[in-house]
1. Which three numbers, in whole Å and largest first, are the semi-axes of the equivalent ellipsoid of the chain derived from its Cα gyration tensor as √(5λ)?
2. Quick one: Cα centre-to-centre distance for segment 108-169 and segment 6-60, in angstrom?
3. Would you mind checking LYS391/LYS457; LYS88/LYS129; LYS43/LYS305; LYS316/LYS391; LYS407/LYS457; LYS305/LYS403 for any pair whose Cα atoms are more than 21 angstrom apart?
4. Which of the peptides 370-377, 308-315 is most tightly packed, and how do the rest follow, going by the mean number of other Cβ atoms within 10 Å of each residue?
5. What distance in nm separates the two pseudo spin-label positions at GLU430 and HIS28, each 7 Å out from Cα along the beta-carbon direction?
6. So, R0 is 22 Å and r is the distance between the beta-carbons of ARG449 and PHE252; what FRET efficiency does that work out to, to 0.05?
7. Can you list, by residue number, the Cys in the chain that have no neighbouring cysteine C-beta under 4.7 Å?
8. Using the 2.2 N^0.38 Å rule of thumb for compact globular proteins, work out how segment 473-520 stacks up: its C-alpha Rg over that value, please.
Amino acid sequence: MTEAHEPLTPFSLADLLARISHEWESRHRIFDLPTARFFNVSKGPDISMDFLGRPAATPVGPAAGPHSQMAQNIVLSWLAGSRLIELKTVQIMDELEIGRPCIDMETIGYNIEWSQELKIPQSLEEYVKAWMIIEMMRRWDEVTPLIGTDTGPLVFDLSVGYDLAGISTDQVAWFIDSMMDAREEIERLRPQIGGEFARFRDMDFPARIADTVTLSTFHGCPPDEIESITKHLITRHGLDVIVKLNPTLLGFERVKEIVIETLGYDTTVLRKEDFDNDLQFPRGLELIGELNSFAADQGRRFGIKLTNTLVVENTKGFMPDDTMYLSGPPLHVVSTTLLGELHRALPGMLRVDGQDGPVQVSFSAGITKENLPAAAGLGLAPMTVCSDLLKPGGYGRLAPMLKALWKAMEGVGAGSLREWQAHRAEQSGEQGPVAAYIATLHNPTTNRRYTLAGNSKLPRSVDNELQMWGCVACNFCVTVCPNDAFFRIPTPDELDATGLQQYLVLTELCNECGNCMVFCPEIGDPAVVKPRLFIDPDRFEAVTDLAFLIHQDPDGYWVLPNAAAADHTG
Ligand code: SF4
Ligand code: SF4
């Protein structure tokens, strides 16, 4: 069953800047990220990467998904160390009704997410706002002592879907053109820069925000369609293109063997027809060769992304829909095995194993702090993350991930990713780093982290009904929310409530994804039970159940209850 949900209502640039300024002054955080989780690229070895000919200061960033949808998500990713932002997929059908909840991170990670939940012009505005805020943060002397004065190059990578008809429409073409030359949007937003950031109002914001794209296609998209879309993006827009491939490319029997037999996820239901309808391995090889040649002939670059999530039957029932998409540890093994098969079948073609092949390999499948050093050692770039950032700690998990890479590199004296990859190649001997790494993922003595046995622990729970005020104050709802919709405040003296901290939700930023409900140890849905705050008076007026309005006047911020909430505020 698909339920209606409240649409996301992005904050204006002025409101986002006011929030940054207020939060910094009052709590020394930005969008709830503590300063200890800010990342400074200059404090360790050079981990910059080449992405389709463009430099990026780190090889990590959010995968197109819940962490790259709203402006504050993107800024959070960047502060925490991301330098390749794969923006959430934009497509012509921008009035989707997505089933809720849409994320299930109870164990390994499933979702029924899709593309941007905003209209195309709103998506453009979110991405441009994020770009402008990052440019201001780079120069804001409050944070430069923490992030460094040289934060290094950043790449915004577009993601578009899902078929040629949609991608060729005027609306999607306008979106792509506007990201490649954002002058008009920047000038439209510029007057909103004020307060603490007024000194940046006349800044020269770079207007070319993106000129690369990662293509997402539907399951079952015919190979000729993938080819036509890629050629269209190259010839009509002059973009360098990465094509995201599905894990089904590895074939039904092989994926089943890995997921069910090797890793032990014996309740996972794979449907053969999902594999039969998708791109097949031999045609996939042809396509990679053909599109790489086409791109080179046009003076453009081409790459592949491994992989999309794995389509499985929804047997859990936490989310609606018959189908759900598996991610996390088992997908890491499937996608890396697929990498090995492609690498073997296309000798010298892929840019992995220390080889300068023409086809870049972007990777997204269960990247964590534990496996990032090994994945970087294969030559994968970028490595994008989603499932791991949905766990407690959220965006704050990125900096420790990058520091784990630094530590591994420092341990062998590697001063760059090239040197790190050369070291791993030397260590792995004749078989090469890719084959050596895959062997560890299939070996029962070294792959526990990826197996059912290694991923059966459920989030902790306490036998207590969640209430509006007071709770065990674990802070999980704050960190697991991709939209940073939750925040906490010290319990006001005048409030008759237990606990030193209270947790509140900015309802306009909540898309009811369900992730805070999965991790909240108490019984109940924090996004529903905790005080729901609005900043838009019209939306606030329209709500009849408990709600609060954040009101700003020259004396500061005030929280006003509606009639239903007045009885609950003590
Ligand atoms: S508040 Fe909870 S349900 Fe809402 S977006 Fe955040 S994690 Fe998802
Ligand atoms: S609402 Fe739940 S998740 Fe949030 S702090 Fe309280 S107990 Fe933790």
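The values are calculated or read from the model by the stated rules, or taken from the named source; none is laboratory data. Keep in mind that this is a model prediction, so the values were computed, not measured. As a convention, Cβ positions derive from the backbone with ideal geometry for all residues, glycine included, and neighbour counts pool all protein chains shown. Keep in mind that these areas ignore ligands, DNA and RNA; they rest on the heavy atoms of the full protein, side chains included. Shrake-Rupley method; radii C 1.70, N 1.55, O 1.52, S 1.80 Å.
1. For the chain, the ellipsoid semi-axes come out as 37, 27, 24 Å.
2. Centre-to-centre (Cα) distance: 11 Å.
3. As for pairs spanning more than 21 Å Cα to Cα, those are LYS43/LYS305; LYS407/LYS457; LYS305/LYS403.
4. Details: 370-377: 21.9, 308-315: 19.4.
Put in order of decreasing packing, that is 370-377, 308-315.
5. Label-label distance for GLU430 and HIS28, simple model: 5.8 nm.
6. Plugging the Cβ-Cβ distance into 1/(1 + (r/R0)^6) gives 0.30.
7. CYS102, CYS221, CYS386, CYS471, CYS474, CYS481, CYS510, CYS513, CYS520
8. Normalised Cα radius of gyration, segment 473-520: 1.19.
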